[in-house]
Amino acid sequence: MAFAVTSSPAAISGSSFSRSSASSDIKIPQIGSFRLADGHATVNLSQKRCAVKPLNAEPKRNDSMLSHAATTSAPEVSEKVEVEDFEQLAKELNNASPLEIMDKALEKFGNDIAIAFSGAEDVALIEYAKLTGRPFRVFSLDTGRLNPETYRFFDEVEKHYGIRIEYMFPDAVEVQALVRSKGLFSFYEDGHQECCRVRKVRPLRRALKGLRAWITGQRKDQSPGTRSEVPVVQMDPVFEGLDGGDGSLVKWNPVANVDGKDIWNFLRAMNVPVNSLHAQGFVSIGCEPCTRPVLPGQHEREGRWWWEDAKAKECGLHKGNLKEDGAAQVNGNGATTESDIFNSQSLVTLSRTGIENLAKLESRKESWVVVLYAPWCPFCQAMEASYVELAEKLAGSAVKVAKFRADGEQKEYSKNELQLGSFPTILFFPKHSAKPIKYASEKRDVDSLMAFVNALR
């Protein structure tokens, strides 16, 4: 990996050194200090020159992200990181700015920490790292299935910051076996987890084995049902670090408490390059076959693995931070017990018997619109306002608007009898037809829903 060494006035990239120059007498230039333009914060940086250790000097890192060719790095942490109560540190930093959190992370772990960059708005992490004035490292997972725009964005980021990103690749033998046995697009048929495990999770595991800490762009508002309790720093509950075993890797989430709109305000204010896919409606960006733009009324994560339930919309990189079914408690029937959604006097709540009777009728007095939902689903939550508004607009008309909770023990019935594919699923029951009509569009704003109803009633 080539590691960015930020200084004033210029940045030095490890790509400017050959292998033969990798020796302990390489020096990093003096790093100065900076003051934010508004004068509210100053980061004072050490004037001491630090010797840099060749990255390939430690045999136990050979299978990690540490590149043999990259010979310039952040200052080596000469003393072993002391055992620290990171849960307490998370509380102390909970109200800190992303810049302060980033500075603390880089200060504590030096050469043993790196930023995980996905090629999306998490470029903000690199900008924050640059603003600290400290050396930093960046790595990314190249799955082999990324959009062309993302590859061009990687190149733009490297040039903008004067760094080299180290790309981790999946094992060629594993990819070959998967594709030969199941084809190039098996994830559309049996879920994305297997492909992500081969192309993302295992390469990440190898990368993290060479670190004691890593920095991610997770935010609480990215997925309210799964990431709402992400702390700014924690012991990684899933992956192991350089020393191996539980508690050997620290995970930093500097923007955990930042709203997505504030991330974008920051990127614009600092004139940071961004992935051109964002201008095309993409918000959460992953592999090309599994990513698409989001539409009005949709949550940002609905652009990922759209053919699956909301519970599955994680690739495994942050699985340890997820809350089971949105952190709800599960009752004996397999259904969650969190607060219900779509609450309005204009909405009819259907029981299992109610939806069965509605489906059996060949002739109805009124037409019905029914949403099949799960209250923990962030995509159902995202369309709640639109659906409630639809119900209020249709109140007193010849169309009833209803909801049916289709998770837990009702899920199998809903899949077999009600065309449930993923949450939410919207059905229209015409007055003079037994079979319901499934709303095929992903547009869930009230105007699109009303157009669907008007076309059929």
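Could you tell me whether the stretch 174-185 includes any residue that is in a helix (DSSP H, G or I), open to solvent by 30 Å² or more (accessible area, probe 1.4 Å) and hydrophobic (A, V, I, L, M, F, W, C)?
Kept after step one, since they are in a helix (DSSP H, G or I), are these residues of the stretch 174-185: 174-182.
Still in the list and also open to solvent by 30 Å² or more (accessible area, probe 1.4 Å): 174, 176-177, 179-182.
Of the ones still in play, those that are also hydrophobic (A, V, I, L, M, F, W, C) are 177, 179.
The answer is yes; a qualifying residue exists.
So which residues in the stretch 413-450 are closer than 18 Å to S386 by Cα, among the small types (G, A, S) and either open to solvent by less than 60 Å² (accessible area, probe 1.4 Å) or touching a residue at least 24 places away in the same chain (Cβ under 8 Å) (or both), if there are any at all?
Just the residues of the stretch 413-450 that are closer than 18 Å to S386 by Cα, to begin with: 423-428, 438-450.
Adding the requirement that they be among the small types (G, A, S) leaves 440-441, 448.
Of everything in the stretch 413-450, those that are closer than 18 Å to S386 by Cα, among the small types (G, A, S) and either open to solvent by less than 60 Å² (accessible area, probe 1.4 Å) or touching a residue at least 24 places away in the same chain (Cβ under 8 Å) (or both) turn out to be S441, S448.
What's the total number of residues in the stretch 243-259 that are closer than 14 Å to I113 by Cα and either open to solvent by 10 Å² or more (accessible area, probe 1.4 Å) or not aliphatic (A, V, I, L, M) (or both)?
Restricting attention to the stretch 243-259, the residues satisfying the condition of being closer than 14 Å to I113 by Cα are 243, 248-254.
Of the ones still in play, those that are also either open to solvent by 10 Å² or more (accessible area, probe 1.4 Å) or not aliphatic (A, V, I, L, M) (or both) are 243, 248, 251-254.
The number of residues fulfilling the criteria is 6.
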Here, helices (runs of 4 or more DSSP H) confined to the stretch 187-231 with at least 3 residues that are at pLDDT 90 or above and more than 15 Å from the chain's Cα centre (by Cα) are 202-208
So in the stretch 390-412, with the set limited to residues that are open to solvent by 10 Å² or more (accessible area, probe 1.4 Å) and within 20 Å of E362 (Cβ to Cβ), which one is modelled with the lowest pLDDT?
A398
Is there a residue in the stretch 78-85 that is outside the structural domain of R304 (by the TED database), open to solvent by less than 10 Å² (accessible area, probe 1.4 Å) and at pLDDT below 95?
no
Which condition number in (1) surrounded by 20 or more Cβ atoms within 10 Å (Cβ to Cβ); (2) modelled with pLDDT of 70 or more is the one that R268 fails?
(1)
Could you figure out which of (1) over 28 Å from V232 (Cβ atoms); (2) open to solvent by 10 Å² or more (accessible area, probe 1.4 Å) isn't true of E107?
(1)
Counting just the residues of the stretch 347-377 that are outside any helix (DSSP H, G or I), aliphatic (A, V, I, L, M) and over 13 Å from S433 (Cβ atoms), which one comes out most open to solvent (accessible area, probe 1.4 Å)?
V348
Could you pull out the residue among T143, T132 that is assigned by the TED database to the domain that holds F266, within 22 Å of the chain's Cα centre (by Cα) and of a type in the set (S, T, Y)?
T143
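The values are calculated or read from the model by the stated rules, or taken from the named source; none is laboratory data. Everything quoted here is computed from the prediction, not taken from an experiment. Don't worry about glycine lacking a Cβ; one is built from the backbone with ideal geometry, like all the others, and counts go over all protein chains shown. Side chains are part of the model used for accessible areas, which takes the heavy atoms of the whole protein and leaves out ligands, DNA and RNA. Shrake-Rupley method; radii C 1.70, N 1.55, O 1.52, S 1.80 Å.
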